[in-house]
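Worksheet: one structure, shown below.
The values are calculated or read from the model by the stated rules, or taken from the named source; none is laboratory data. No experiment lies behind these values; they were computed from the predicted model shown. Please note: Cβ atoms are built from the backbone with ideal geometry, for glycine as well, and neighbour counts cover all protein chains shown. Protein only, heavy atoms only, side chains kept; ligands, DNA and RNA dropped before computing areas. Shrake-Rupley method; radii C 1.70, N 1.55, O 1.52, S 1.80 Å.
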Amino acid sequence: MTDTPLPLIIDCDPGIDDAVMLMMAFLSPHLDVQAITTVAGNVPLAFTSRNARMICERMNRTNIPVHAGCPRPMVRKMVTAEDFHGESGIAGMDVFEPEVPLAPGHAVDVLIEKLSAPPEGGYTVILSGPMTNLAAALIMAPQIAQGIRELVVMGGADTAGGNITPSAEFNIYADPLAAAIVFDAGLPTVVLALDATHQVRAEQVRVDRIRALPGRHAELMADLLDAANRLELRWRPGMQVPMHDPSTVGWVLAPHLFETKRCRVSVVTRPGKDFGRTKVKDSARGPHRWVTVADADGFFALVEDLLKAPA
Ligand code: RIB
Ligand code: CA
């Protein structure tokens, strides 16, 4: 990491794990979160947009604008994931109406505006939900690709298999056409798919270590992870919840915790049993990097360090 905080835009669908990801990003002095854009995904847009603002408020980061984006995917019927995030989309946290309203400007317009006039070196952009907003922005203004230093995506599955169908992961399945537009744009992209995130699970001993840390942030993160585990274990008994979206911030802050392979990712968009599946073609010159190995102990040590840092 350089001394200058990294300019970051986060597009998300909070979502319990999106919320934990946002907390990590806000706690790091090395990241400069310049905007949050929200999309329909785990829960409808009104809830993802409220939940993002709730986290900003709880973390005293109401200076960060939250812009609502697309309320539905391209073409396909909207699917949501309340089973794993609660009806509110943020089980584990008492819902309140944030004081700070949504920032003016549709997320797609804001992505175009910011990525068309990036800081020196460009933006790092994290996508932790369906890719509808960035896909729309790329269609409307392809030149914004020049403003992206690195795209970090939570989505997809290869050897791990799917989590919403046997072959598809939720973020891709929820809007396969958008994912295809983003991957086909050939942007320098790091993909944290289930192959990686299933290696980083919120085992109870790890959550208990977080809860034992002083301060409200540690308590909130432990509450969120305990709630996520209750829901995960209810629907998928046996394994604790993977740290899907938080792994994206883990990559940005500590890439040494991960191993990747160069490839080109494509998406199955035709109806059928493979609808929404990501296909990974190894390619030494490919624009994408598929994360193959993740150091879970190192990741949780990072999370604890972030929570211990002076607020
Ligand atoms: O498949 C996991 C992904 O889907 C995560 O981003 C989670 O928040 C849900 O959006
Ligand atoms: Ca998400």
Distance from the stretch 127-146 to the stretch 1-30 (C-alpha centre basis), Å: 19 Å
Round to a whole number: what % of the accessible area of the stretch 55-141 belongs to carbon and sulfur, probe 1.4 Å? 55 percent
Over the Cα atoms of the stretch 170-311, Rg to Rh with Kirkwood Rh, two decimal places? 1.02
Given H placed on each backbone N at 1.01 Å, which residues far from M74 in sequence or on other chains put an amide H within less than 5 Å of it? A178
Can you tell me how much longer the chain between M78 and H30 gets when fully stretched, taken as 0.36 nm per residue apart minus their C-alpha distance, in nm with one decimal? 13.7 nm
Highest-first arrangement of 293-300, 46-53, 165-172, 120-127, where packing means the average Cβ count within 10 Å: 46-53, 165-172, 120-127, 293-300
Using a 7 Å offset from Cα along Cα-Cβ at I139, what residues in the stretch 153-190 end up with backbone N under 11 Å from the label point? 177-179, 181-182
Straight-line reach only, C-alpha to C-alpha below 30 angstrom: list the lysines that K273 could link to, leaving out same-chain residues fewer than 8 apart. K77, K261, K281
To the nearest 500 deg cm²/dmol, what mean residue ellipticity at 222 nm is calculated for the chain from DSSP H runs of n ≥ 4 alone, each contributing -39,500 (n - 2.57), summed and divided by the residues? -10500 deg cm²/dmol
Among the trypsin sites (Lys or Arg not before Pro) within the stretch 273-311, which fall in a DSSP loop and have no more than 11 other Cβ atoms within 10 Å of their own Cβ? K273, R285
Length gained when the stretch T159-E120 is fully extended (0.36 nm per residue, less Cα-Cα span): 10.3 nm
Ignoring ligands, DNA and RNA, please state the percent of accessible area on the stretch 165-262 from carbon and sulfur, probe 1.4 Å. 55 percent
Between D297 and R230, what FRET efficiency comes out of the Förster formula 1/(1 + (r/R0)^6) with R0 = 30 Å and r the beta carbon distance, rounded to 0.05? 0.80
Long-range share for the chain, i.e. C-alpha pairs more than 33 Å apart as a percent of all pairs, stands at 14 percent
Taking a probe of 1.4 Å and leaving out DNA, RNA and ligands, the stretch 32-71 shows per residue an accessible area in Å² of 28 Å²
Between A145, A135, A284, find the one with the highest GNM mean-square fluctuation for the chain; connect C-alpha pairs within less than 10 Å. A284
